[in-house]
Structure formats: structure tokens, C-alpha cells
1. Only one of these is surrounded by 13 or more Cβ atoms within 10 Å (Cβ to Cβ), of a type outside the set (Phe, Trp, Tyr), closer than 14 Å to residue 8 by Cα and in contact with a strand residue (DSSP E or B) (Cβ under 9 Å, 6 or more places away or on another chain): 44, 70, 61. Name it.
2. Considering only the range 66-77, I want to know if a residue exists there that is over 10 Å from the mean Cα position of the chain (by Cα) and within 19 Å of residue 16 (Cα to Cα).
3. Restricting attention to the range 3-26, report how many residues are at pLDDT 90 or above and either surrounded by 14 or more Cβ atoms within 10 Å (Cβ to Cβ) or of a type in the set (Phe, Trp, Tyr) (or both).
4. Please find, within the range 27-41, the residue that is surrounded by the fewest Cβ atoms within 10 Å (Cβ to Cβ) out of those that are modelled with pLDDT under 95 and over 14 Å from residue 78 (Cβ atoms).
5. Would you mind stating whether residue 29 is touching a residue at least 24 places away in the same chain (Cβ under 8 Å) and more than 29 Å from residue 92 (Cα to Cα)?
6. Given the criterion more than 12 Å from the chain's Cα centre (by Cα), without any contact (Cβ under 8 Å) to a residue 40 or more places away in the chain and over 13 Å from residue 5 (Cα atoms), identify the matching residue among 61, 42.
7. Kindly establish whether residue 24 is in contact (Cβ under 8 Å) with a residue 24 or more places away in the chain and among the small types (Gly, Ala, Ser).
8. Among the residues of the range 73-97, what is the count of those that are of a type outside the set (S, T, N, Q), within 19 Å of residue 30 (Cα to Cα) and surrounded by 13 or more Cβ atoms within 10 Å (Cβ to Cβ)?
Amino acid sequence: MSEVKIDFDAAGGVDLSRLERSLGLRGERVAEGRYRVTGGSHEHWVDLYTAAHPRCDCGDHLWRERICKHILAALLREGNERVVEALPTLLARVRAA
């Protein structure tokens, strides 16, 4: 398996609000590190292993240069340690609300 080409710190880290929204999405792995993500208002394509930078075709990622919910959904399905480790923090926030 390739290494995910993402600089979490430069991209704002794992945003818990986006992570929460990513949990309702479905990611279909179409190739190594490439996903078709559905379940929102539009279908999106995510590529985690592009050397230049990971990308999603959604406006949130393209315009804000942040890790969008679609990338987070794909990273969860890849079992990415940084994203999986954010889940307990998200759960605590939801329980406190």
C-alpha cells in the first residue's frame, strides 16, 4: 500500500465537523487510494496518493484547500491512523452536545 500524500497540518488537520459529516458517506474503492464517494448531494472522486497533493473534486477541497469530508471518508476506509484517532474526540464532542 502506498503512503497517503497529505500534509494534515498544512491542510488544517482533521476538522471534527467535516469528520462527522463524512460518517454518512459511502466510499467505493475503485483503485489503490482512489474512491468514488456518494451519499451526499453529489458524487465525488478522491485520489489519496497523487504525488502533488491528495485531491477531491468538491468545492470545499478545491477552493478552501482543506481536507474535505470526502477525503476523510476515503481515509477512514483506508484506516488512516490520524483520522481514526480523531474519532474518540468526535464521539466525546457529540456526547457533550
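1. 61
2. No, the range 66-77 contains no residue that is over 10 Å from the mean Cα position of the chain (by Cα) and within 19 Å of residue 16 (Cα to Cα).
3. Residues in the range 3-26 being at pLDDT 90 or above and either surrounded by 14 or more Cβ atoms within 10 Å (Cβ to Cβ) or of a type in the set (Phe, Trp, Tyr) (or both): 9 in total.
4. Result: 41.
5. yes
6. Answer to the check: 42.
7. Judged against the criteria, residue 24 is not a match.
8. 6
The values are calculated or read from the model by the stated rules, or taken from the named source; none is laboratory data. Nothing here was measured: the structure is a model prediction, and the numbers come from that model. Virtual Cβ from ideal backbone geometry, glycine too; neighbours counted across all protein chains shown.
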